[in-house]
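S.K.: Below is the structure I would like to discuss, written out as structure tokens.
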């Protein structure tokens, strides 16, 4: 079968902004990520903390969605969600995950594979308390990933929670909502280059040490 949508197949961009060499990167991938993340902030990348999180379903299919990075710790990367959501249930069953950052303004990607675990309750409490009240109410009201009859059902759930906390700004974190930490075992930094001859530097965890390798594009 020939290509049906040749207009799609012809879409391409040539990457030529930057290069990446083994001598350009730090010995620790988390520190290197912080450096690139600072570049993304400086370049005013749209939502630089948006990352594609992939987990495994019960049927063995990979399942991906966008979540937001909320902290960079010495031992990994944290985000928050509903523990009862599809991704939360998937991570309870299989703690191996991957995540991808794509910063087109810099022609860069970062791929992270690692082991995920729940953050301590005090970390989740601290972050939940920092959220706008509307986001707090939404986290409580939404039965994330469950089937809804219609939009009005969700709105009724939100209305009920808004009434419950109408007279206070102290909204407690629900027990089914909190944070996760991804502890990386493999981190790849990808820099777009001309003619698809991209630069790829991968860090592999070897015991307590990191080994760096260049990969073919």
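The values are calculated or read from the model by the stated rules, or taken from the named source; none is laboratory data. The structure displayed is predicted, hence computed values, not measured ones. Quick reminder, even Gly has a Cβ in these numbers, built from the backbone with ideal geometry, and neighbours come from all protein chains shown.
S.K.: Looking at the range 16-29, can you tell me whether even one residue there is more than 18 Å from residue 109 (Cβ to Cβ), in contact with a helix residue (DSSP H, G or I) (Cβ under 8 Å, 6 or more places away or on another chain), modelled with pLDDT under 95 and surrounded by 11 or more Cβ atoms within 10 Å (Cβ to Cβ)?
M.R.: Checked against the condition, which is being more than 18 Å from residue 109 (Cβ to Cβ), in contact with a helix residue (DSSP H, G or I) (Cβ under 8 Å, 6 or more places away or on another chain), modelled with pLDDT under 95 and surrounded by 11 or more Cβ atoms within 10 Å (Cβ to Cβ), the range 16-29 yields no hits at all.
S.K.: I'm trying to understand the selection: among the residues of the range 157-167, which are modelled with pLDDT of 90 or more and either surrounded by fewer than 11 Cβ atoms within 10 Å (Cβ to Cβ) or under 27 Å from the mean Cα position of the chain (by Cα) (or both)?
M.R.: If the condition is that a residue be modelled with pLDDT of 90 or more and either surrounded by fewer than 11 Cβ atoms within 10 Å (Cβ to Cβ) or under 27 Å from the mean Cα position of the chain (by Cα) (or both), then 158, 163, 166 are the ones that fit.
S.K.: Related question: Restrict the check to the range 101-113 and report whether at least one residue is out of contact with any helix residue (DSSP H, G or I) (no Cβ under 6 Å at 6 or more places or on another chain), more than 30 Å from residue 188 (Cβ to Cβ), modelled with pLDDT of 95 or more and assigned to a helix (DSSP H, G or I).
M.R.: Within the range 101-113, not a single residue is out of contact with any helix residue (DSSP H, G or I) (no Cβ under 6 Å at 6 or more places or on another chain), more than 30 Å from residue 188 (Cβ to Cβ), modelled with pLDDT of 95 or more and assigned to a helix (DSSP H, G or I).
S.K.: Regarding the range 45-56, can at least one residue be identified that is surrounded by 12 or more Cβ atoms within 10 Å (Cβ to Cβ), under 15 Å from residue 116 (Cα atoms), more than 12 Å from the chain's Cα centre (by Cα) and in contact (Cβ under 8 Å) with a residue 24 or more places away in the chain?
M.R.: Yes, that holds for at least one residue.
S.K.: Further question: One residue is enough: does the range 139-146 have a residue meeting the conditions crowded, with 19+ Cβ neighbours inside 10 Å, closer than 18 Å to residue 66 by Cα and at pLDDT 95 or above?
M.R.: Within the range 139-146, one or more residues are crowded, with 19+ Cβ neighbours inside 10 Å, closer than 18 Å to residue 66 by Cα and at pLDDT 95 or above.
S.K.: Going by the conditions given, is residue 204 more than 23 Å from residue 70 (Cα to Cα) and at pLDDT 95 or above?
M.R.: Here the answer is yes, as residue 204 does meet what is asked.
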